[in-house]
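Student: This is the structure, below, for whatever I ask next.
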Amino acid sequence: MGKQRVRSAYTAGRVIAVVAGAAALATTGGVIQTGTASAHDASEAPRGCDWEWPVDGPPSQGFHLGHDGTDFAVKVGTELHAPTSGTISVAGPNDPGGYGTYIQLEADTGEQIQMGHLSETWVGVGDHVTVGEAIGATGNTGSSTGPHLHLRIHRGGAVDPVTFLRSVGACDTGSGDIRS
C-alpha cells in the first residue's frame, strides 16, 4: 500500500526527556506517580488523533477569494501524511485545473480532501488509509510557482484548511507558525 510511518525525532526526544526527568526525580528521593501525561486539561477525556497536519511546513499562501486552499512551503520529496482516515478516490497525474499529480481523499467523516503538486503517490484508488499514514511526497507539478503542498478541504463547500485543522485539534503539526 505505501511506506510505513516513521515517528519523528521530536517525539522520541519528548519520551527520552520524560524518562530522564523521572530517573532524576527518583535518584533524589522524589515520589513518582505512574500514569499517562497529557497536554489537555485534566477535565477533558483522553482522545485519539483523528486528524493530523499533512506536512511539517509553514503556510506560504492562505485561504482567500480566488485561492480555496492553503499552500504549505516544503521541499520536493517531503513525506505527505493522510490528514485523516478515509478512502482514496484519485491518485496520480490527473490534473483538474493545475494540481499536477494529486491525491483526493474521501474522509470517513464526510470531508473531501485534495492534496496537489505532488512528486509521488504511494496509494491507489480504492485504498483505505488511516490518519498519519505516509501516502505520497510533495513536489512542484502542475501549475506551480515552486515546491509546495496545496491542501484543499471541502465540507459542504471549500473551507479554510488551517482554521478547520485547528478546530478539530489536528495532531503532529511540527510547525510553530501553525501551532500558535
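The values are calculated or read from the model by the stated rules, or taken from the named source; none is laboratory data. In this text the structure is predicted, and so the values were computed from the model without any measurement. Here the Cβ is made from the backbone with ideal geometry for all residues, glycine too, and neighbour counts use every protein chain on show. Note: areas computed on protein heavy atoms with side chains; ligands, DNA, RNA excluded. Shrake-Rupley method; radii C 1.70, N 1.55, O 1.52, S 1.80 Å.
Student: For segment 57-75, indicate whether the set of residues that are of a type in the set (A, V, I, L, M), open to solvent by 30 Å² or more (accessible area, probe 1.4 Å), at negative phi and in a loop (DSSP other than H, G, I, E, B) is non-empty.
Tutor: Yes, because at least one residue in segment 57-75 is of a type in the set (A, V, I, L, M), open to solvent by 30 Å² or more (accessible area, probe 1.4 Å), at negative phi and in a loop (DSSP other than H, G, I, E, B).
Student: Just one of (1) in contact with a Ser or Thr (Cβ under 9 Å, 6 or more places away or on another chain); (2) modelled with pLDDT under 95 trips up Gly156, so point out which.
Tutor: Evaluating Gly156 over (1) in contact with a Ser or Thr (Cβ under 9 Å, 6 or more places away or on another chain); (2) modelled with pLDDT under 95 leaves (1) as the failure.
Student: Out of (1) at pLDDT 95 or above; (2) touching a Phe, Trp or Tyr at 6+ places or on another chain (Cβ under 9 Å); (3) over 14 Å from Thr87 (Cβ atoms), the odd one out for Gly116 is which?
Tutor: Only one criterion in (1) at pLDDT 95 or above; (2) touching a Phe, Trp or Tyr at 6+ places or on another chain (Cβ under 9 Å); (3) over 14 Å from Thr87 (Cβ atoms) is unmet by Gly116, namely (1).
Student: Looking at (1) touching a His at 6+ places or on another chain (Cβ under 6 Å); (2) more than 16 Å from Gly142 (Cβ to Cβ); (3) not in a loop (DSSP other than H, G, I, E, B), which is the one condition that is false for Pro54?
Tutor: The one condition Pro54 does not meet is (3).
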